[in-house]
Every structure is written in C-alpha cells, then in structure tokens.
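These notes are about the structure you will find just below.
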Amino acid sequence: HPSNLQMEGSSGLRRADCRAKGGVPGFKVAILGAAGGIGQPLALLMKMNPLVSVLHLYDVVNAPGVTADVSHMDTGAVVRGFLGQPQLENALTGMDLVIIPAGVPRKPGMTRDDLFKINAGIVKTLAEGIAKCCPNAIVNLISNPVNSTVPIAAEVFKKAGTFDPKKLLGVTTLDVVRANTFVAEVLGVDPREVSVPVVGGHAGVTILPLLSQVNPPCSFTPEEINALTDRIQNGGTEVVEAKAGVGSATLSMAYAAAKFADACLRGMRGDAGIVECSFVTSQVTELPFFATKVRLGRTGVEEIFPLGPLNEYERTGLEKAKKELAGSIQKGVSFIRN
Ligand code: NAI
C-alpha cells in the first residue's frame with residue numbers, strides 16, 4: 001500500500017528490507033491509539049524494547065507523524081504507521097501483541113465510568129478488528145473504564161468465536177507502579193525494592209492494594225494504611241487534577257504499559273516466573289473478571305494466583321470492590337449483548 005510505505009519513514013533508498021522479511025527474531029507489536037498522550041511515549045518505549053521486531057502504530061489522527069519520528073530511532077524494530085479505520089486490518093494482521101490505549105481520557109470531575117459512552121464503541125470496533133485479523137494475539141487493554149472495556153472485548157471475541165481468556169488482559173500495572181512508589185516513600189526505601197500486590201479492578205474503590213502482603217514484609221499504622229490506600233485508589237485523580245483539564249496520566253501510564261508489555265513478551269518467549277497483576281477472566285471470586293497476580297507464559301495468562309490471606313481491612317475493601325465491579329462488568333457485557 002503506497003501510503004503505508006510513505007509512513008515507514010523510509011527515504012526510498014533502502015536496498016533490501018531484510019529485517020522486515022523475518023531475519024531478526026522478535027515479536028510483532030501493534031499500538032492502537034498510538035498518537036495519543038499515552039500512545040506516543042509508549043511507541044517510544046516499545047521501539048526501545050529489544051524483543052520487538054516490528055512495531056505497528058495505528059491511530060485515527062497523526063499516525064504518519066508519530067511513525068516518521070519514532071522510525072528514526074536507531075533500535076531494531078521496524079516501524080510502520082497506519083492511519084484511520086480503512087488501515088486497521090493492515091495494522092493488525094500478523095501481530096503477536098496488541099496494546100490498546102485508544103479513547104478519551106478523564107477531565108477534572110469525571111470518573112472513569114463517565115468515559116464509557118465514547119470508549120465502549122472504540123474498544124468494540126478495535127476488538128472486532130483483532131478477532132478478524134489476529135485472533136491469536138495477546139491483547140493489553142488500557143482504555144478506560146478497564147472494568148467495563150475488558151468485558152466488552154471478551155463479548156466481542158465470544159461473538160466472533162475467537163475468545164481465549166488467557167490472551168485478554170486489562171492493564172492495571174499503573175496501580176501497582178503507584179503503590180510501589182507511595183509505599184516506598186512511606187518506608188523511606190528505593191521503590192525498585194518494593195512490590196505491592198494490587199487486586200480487584202481499575203477504578204476508585206475497586207483498586208485494592210494488599211498492604212499486608214507487601215514485599216519485603218513490613219508493617220504500617222492504621223493511619224498509614226488509610227492514607228496509602230486512599231492515595232493509591234485516587235492516584236489517577238491526583239494527576240487529572242494537576243493537569244487541570246489537559247488529560248490524565250500519560251507518562252507514568254506509558255511506563256507502566258511498557259513494563260507490562262515487556263512482561264508479556266518475556267512470557268511469550270518462554271521466560272520462567274513472570275508474574276504481574278492484571279484484570280483478567282478469573283475464578284478467584286464469584287465475578288467473571290478480577291485483577292490478581294497472574295503468571296505470564298507462552299500462551300498468555302498461564303496461572304492465576306489466589307488472593308492470599310487478607311486482614312479485616314482488606315476483606316471489607318474486597319466486598320466494596322466486588323459490589324462496584326459487578327455493575328461495571330455487567331455494563332460492559334450488556335453493551336455488546338443488548
Ligand atoms: P488521548 O486522548 O491523549 O489519546 C487517545 C488516542 O486515541 C488519540 O490519539 C485518539 O486519536 C485515539 N483514538 C480515538 N479513537 C480511536 C479509534 N477509534 N481508533 C484508534 N485510535 C483512536 O488519551 P490518553 O491520555 O492517551 O488516554 C487513552 C486512554 O487510556 C483513556 O481511555 C484513558 O482513560 C486510559 N487510561 C488508562 C489507564 C490505565 O491505568 N489503564 C491510565 C491512564 C489512562
């Protein structure tokens with residue numbers, strides 16, 4: 001396709017595209033919504049990932065510009081851009097991993113659920129494309145409200161007969177990244193040494209940090225637990241308010257998405273012991289979807305870990321989380337079924 005060639009950012013002087021012909025091992029990754037606040041820095045970070053051999057950047061605006069820019073980085077991945085719905089199928093064909101940060105972000109005063117009206121339709125369209133063009137790809141879904149968009153994608157895949165629950169993952173990594181940072185701040189240690197499991201979902205009270213299971217083991221006062229839980233649950237709102245109408249978390253989110261995608265790719269490569277939190281099809285609770293620690297392997301989610309021992313504070317939080325999650329999941333399912 002001539003416009004795709006232009007968007008490769010190539011001068012036309014390339015002798016032979018040996019890399020694109022499969023000479024270099026690695027995975028083919030697409031970012032849908034690549035020109036956005038998250039999409040652009042995420043494109044940058046994925047272009048730097050040595051496990052990526054081909055990087056497809058799709059958006060309904062500005063994909064050629066982002067593609068030309070990122071393609072000049074002297075790293076391994078071959079970058080191709082795709083602009084607008086007619087090029088969605090080319091963007092998706094052959095992909096191993098599809099990362100979706102497409103959709104509108106929050107403004108001050110909005111909840112993630114306020115985004116449902118617009119983002120539900122966007123995620124539906126993109127999931128239909130995946131079902132048609134790369135049904136075996138692993139999907140990392142970032143578009144909010146994640147608690148509803150993951151059920152939407154699952155319903156689209158079920159309808160198409162392509163649903164594999166191991167390959168559909170809602171990205172909750174930013175909650176974990178925030179939890180690690182805020183807990184490290186309180187403990188006065190390096191955040192890289194802290195690991196906080198965050199379970200439930202990705203919105204308000206559904207974000208449930210398990211402060212009793214922090215690694216390395218530590219203890220907090222009840223005041224610290226309250227303050228930390230509140231800050232982790234409202235970290236997104238902290239950024240939305242600081243940005244004052246210009247958007248929500250994009251840079252920390254791109255970092256979190258790149259970290260999660262890298263974990264998926266290392267799992268796909270066959271690395272052992274890759275464990276991350278993610279919002280997935282689950283039997284850990286009575287709900288059809290729930291975020292917990294999962295083990296990532298060649299085929300996606302290969303093991304889902306139980307919640308582990310919860311204290312009373314966390315058990316109360318879990319009940320609240322489940323109540324809200326049930327409604328958000330149902331809202332997503334109904335959007336496709338009705
Ligand atoms: P943004 O508005 O800066 O970028 C979104 C991009 O999606 C734009 O470039 C837009 O053109 C594109 N887009 C819109 N419709 C599309 C379609 N049909 N196909 C492909 N691309 C399309 O928004 P930002 O800040 O990048 O956020 C994106 C999404 O990520 C929002 O829904 C936001 O709520 C969510 N988010 C999720 C987080 C998480 O932890 N899971 C954290 C932060 C944001």
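Just so you know, all these numbers are worked out from the coordinates, no wet-lab data involved. The shown structure was predicted, so the numbers you read here are calculated from the model rather than taken from an experiment. Note that we place each Cβ from the backbone using ideal geometry, even for glycine, and neighbour counts take in every protein chain shown.
Things to note:
- Each of His72 and Lys323 was given a label point 7 Å from its Cα along the Cα-to-Cβ line. The distance between the two points is 5.5 nm.
- Under the span-like rule (Cα at least 20 Å along the axis, Kyte-Doolittle mean at least -1.0), DSSP H helices of the chain: 116-133, 146-160, 173-187, 251-269, 312-337
- Note on His56, His72: ascending count of other Cβ atoms within 10 Å places them as His72, His56, the fewest first.
- Proxy reagent accessibility, fewest Cβ within 10 Å first, across Tyr58, Tyr255: Tyr255, Tyr58
- Once the chain from Thr111 to Thr299 is taken as fully extended at 0.36 nm per residue, the excess over their C-alpha distance is 64.3 nm.
- Cα Rg, Dmax (largest Cα-Cα span) when computed across the stretch 79-122, Å: 13.8, 40
- The ellipsoid equivalent to the alpha-carbon distribution of the stretch 131-182 has semi-axes of 25, 11, 7 angstrom, derived from the gyration tensor eigenvalues as √(5λ) and listed largest first.
- Column: log10 I(q)/I(0), Debye, Cα scatterers of the stretch 79-224, q = 0.12, 0.20 Å⁻¹: -0.61, -1.15
- Calculated SAXS-style log₁₀ I(q)/I(0) at q = 0.10 Å⁻¹ - the chain, Debye, Cα scatterers: -0.56
- Evaluated with a Cβ-only charge set (Lys, Arg +1; Asp, Glu -1), the chain carries a dipole of roughly 1040 debye about its Cα centre, given to the nearest 20.
- Multiplying the residue separation of Lys259 and Asp230 by 0.36 nm and subtracting their alpha-carbon distance yields 8.0 nm.
- Annotation: for a label point projected 7 angstrom from Cα along Cα→Cβ of Gln283, residues of the stretch 154-170 with backbone N closer than 16 Å are 165-166.
- Assigned charges on the beta-carbon of Lys, Arg, Asp, Glu; the stretch 245-293 dipole about Cα centre (debye): 120
- The length gained on full extension between Met48 and Glu238, counted as 0.36 nm times the residue separation minus their Cα-Cα distance, comes to 65.5 nm.
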